[in-house]
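Novice: Quick one: this structure, given as structure tokens, is what I'll be asking you about.
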């Protein structure tokens, strides 16, 4: 329901749900106004079979005006005050950058009458103390055209993007507005693709069908279920995890129930994919998107880096050089090795080529060059003499 963004200022009842005729009239009225402020403007395809709407969502990118002459070329927002005035909003919850701003646009008295919903408007006004009701208009600002197109796709047809994300998660992948990724915890995920054309080809979903639209939720569900990766045994409409779904995500919940019913009809028990199955599917994705070489290279680099940290540290250098607790000597050797091999990165590359034995050899060579054995004995002797002198001084002081 609209109005949640203004809960601290206005009651939820001040934002009545809109009948379809009212919703489409509002969208068509505001679209030209917002198009004067942004180069790219669109409203995602609505979910099929909706009987009411809580708000209108505009996705935009490329401001045609900027805040002031000092703004950089990276400016992504049209001036908030100009936007608010253009759509006739009385209140606004404004966000800078590529985020969503919310606007409360007053409903003119009798406005719904021309659409055959005058009685509903009057009833909505009776529910609020001052009789003033509003439309909630959300404007989601994107950084560039590419993000704009991805957002338009992912937010289309209600919860479809969320449902697609669920299917991807069931095969060990992550799908969102930024595209498809391969999670690799605890490491950063591997980006597979930001192109939804490529992603749909991999998943086995028809882009032509998506573009043609869906007249029913069942048609959406059947399109989702057309992927070769769909397995109704992976879904349930109750239990742990499912309770986390927001109450207003009805279409998402209905899809899970639809999938569960298909499984019930087949008479099969619910199951999870094994780790071996998931690994096979992940490898399939890596090969399809030509990311296998990159993935393996990153894994090898991490393994090498971990081995390097085990070898190249103060404790290991101290042991090789037999310096005991003389950490100053350890630091001198490590600094000398870094200087010789081209810094920390150079040492790491040398380790990758010559391994632990190579690093140890260079450490001992630098120890010899620095003549650390005699220096350390002298340093230890000086330290001992100093400690003896301090002890005698403390004793004499005590006698006095």
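Values in this text are rule-based calculations from the coordinates and carry no lab data. Here the structure is a predicted model, which means the values were calculated and not measured. Glycine gets a Cβ as well: all are built from the backbone with ideal geometry, and neighbour counts include every protein chain shown.
Novice: Kindly put 109, 83 in sequence by how many other C-beta atoms sit within 10 Å of each C-beta, fewest to most.
Specialist: On the way: 109 13, 83 25.
Placing the least packed residue first, the sequence is 109, 83.
Novice: What number in nm² do you get for the stretch 318-374 if you take the convex hull of its Cα atoms and divide its surface by four?
Specialist: Numbers: hull surface 14.0 nm².
Over all viewing directions, the stretch 318-374 projects a mean Cα-hull area of 3.5 nm².
Novice: Here is a follow-up. log₁₀ I(q)/I(0) of the stretch 99-193 at q = 0.17 Å⁻¹, via Debye over equal Cα point scatterers, no solvent, to two decimals?
Specialist: -0.85
Novice: State whether the stretch 4-151 is rounded, prolate or oblate according to the following rule on the C-alpha gyration tensor (a ≥ b ≥ c being the square roots of its eigenvalues): a/c under 1.5 gives rounded; otherwise a/b larger than b/c gives prolate, and the remaining case gives oblate. All intermediate terms of the calculation are to be shown ahead of the outcome.
Specialist: Details: a/c = 2.27, a/b = 1.72, b/c = 1.32.
Prolate, since a/c reaches 1.5 and a/b exceeds b/c.
Novice: If R0 is 51 Å, what FRET efficiency do you get for residue 306 and residue 99 from their C-beta distance, rounded to 0.05? Mind showing how you got there, number by number?
Specialist: Numbers: r = 38 Å, r/R0 = 0.74.
For residue 306 and residue 99, the calculated efficiency is 0.85.
Novice: Counting other beta carbons within 10 Å of each Cβ, put 357, 159 in order, fewest first.
Specialist: On the way: 357 9, 159 23.
Ordered from fewest to most neighbouring Cβ atoms within 10 Å, 357, 159 come out as 357, 159.
Novice: Moving on. With a ≥ b ≥ c taken as the square roots of the eigenvalues of the C-alpha gyration tensor of the stretch 142-233, please select rounded if a/c is under 1.5 and otherwise prolate if a/b is larger than b/c or oblate if it is not?
Specialist: Numbers: a/c = 1.98, a/b = 1.19, b/c = 1.66.
Judged from the Cα gyration tensor, the stretch 142-233 comes out oblate (a/c at least 1.5, b/c at or above a/b).
Novice: Please list 304-313, 15-24 highest first by mean number of surrounding beta-carbon atoms within 10 Å per residue.
Specialist: Put in order of decreasing packing, that is 15-24, 304-313.
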